[in-house]
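Asks: Encoded as structure tokens, here's the structure I'll be asking about.
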Amino acid sequence: MEDFKAMVKLERVIKETMRLYPSVSGITRTLKEPLYLSKYTILPNTTMIVFPHMLHRDQNTYPNPKEFDPDRFLPEQCAERHPYAYLIFSAGPRNCIGRKFAMYQMKAALSTILRYMSVETLGTQQDIVISTKLILRADNLPSLKLNQLKTTEI
Ligand code: HEM
């Protein structure tokens, strides 16, 4: 657990990756009461869909939104954002109960690979093609070159 907590840079990389590519691209809620949004009144029983994918690419909240910059998740930068500006695990009373476990799993998997392998991409962000089939799917990804590190480098 102490190791997981110490992986602060890896956590920023994971969060920035999931900002650009949130696994759950749509979160639905049915209104129990009217919702007043700007000049609009949305009636009860309406099903609302929040799209984290679009929210996370909002220029006002994330300047240069397509740029991959893990430092957006430095504590001082997060403090300036609305708590609901980042919704990879949803928010509110029905948010993801597995979020901490999921983050530990991702850190465990990635740190294990990085401890034994050097990873090089053979493409660019432009090669990433995504689609939504309930959750986000990668239709195309750049190839990765993995090289086992020599024992002296580990
Ligand atoms: C990277 C991995 C994961 C992502 C991105 C993720 C994302 C989400 C999101 C966005 C929701 C909310 C859906 C909504 O509001 O309609 C959710 C709900 C939920 N997640 Fe996860 N999740 C992940 C991993 C896990 C894991 C590992 C578990 C269990 C060990 C888990 C258990 C749940 C449960 C039970 C709910 C429903 C909570 C409720 O409705 O009260 N999730 N998840």
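The values are calculated or read from the model by the stated rules, or taken from the named source; none is laboratory data. Note that the coordinates shown come from a computational prediction; the quantities given were computed from them, not determined experimentally. Reconstructed Cβ throughout: ideal geometry from the backbone, glycine too, with neighbour counts over all protein chains shown. Quick note on the areas: whole protein, heavy atoms, side chains included, nothing else; ligands and nucleic acids left out. Shrake-Rupley method; radii C 1.70, N 1.55, O 1.52, S 1.80 Å.
Asks: Restricting the search to segment 70-125, which residues are more than 18 Å from A6 (Cα to Cα), surrounded by fewer than 12 Cβ atoms within 10 Å (Cβ to Cβ), within 16 Å of the ligand (Cβ to nearest atom) and of a type in the set (G, A, S)?
Replies: Selection gives G92, G98.
Asks: From T121, T41, T112, grab the single residue that is farther than 19 Å from L10 by Cα and among the polar types (S, T, N, Q).
Replies: Selected residue: T41, the only one of T121, T41, T112 that is farther than 19 Å from L10 by Cα and among the polar types (S, T, N, Q).
Asks: Since M54 meets every condition but one in (1) within 16 Å of the ligand (Cβ to nearest atom); (2) open to solvent by less than 70 Å² (accessible area, probe 1.4 Å); (3) within 13 Å of the chain's Cα centre (by Cα), which condition does it not meet?
Replies: (2)
Asks: Only one of these is loosely packed, with under 10 Cβ neighbours inside 10 Å and among the polar types (S, T, N, Q): T61, T28, T46, T17. Name it.
Replies: T28
Asks: List pairs: first in segment 79-104 and in contact (Cβ under 8 Å) with a residue 12 or more places away in the chain, second assigned to a helix (DSSP H, G or I) and within 8 Å of the ligand (Cβ to nearest atom), Cβ under 7 Å, 6+ apart or cross-chain?
Replies: Final answer for the pair search is L87/P52; I88/M18; I88/P52; F89/R99.
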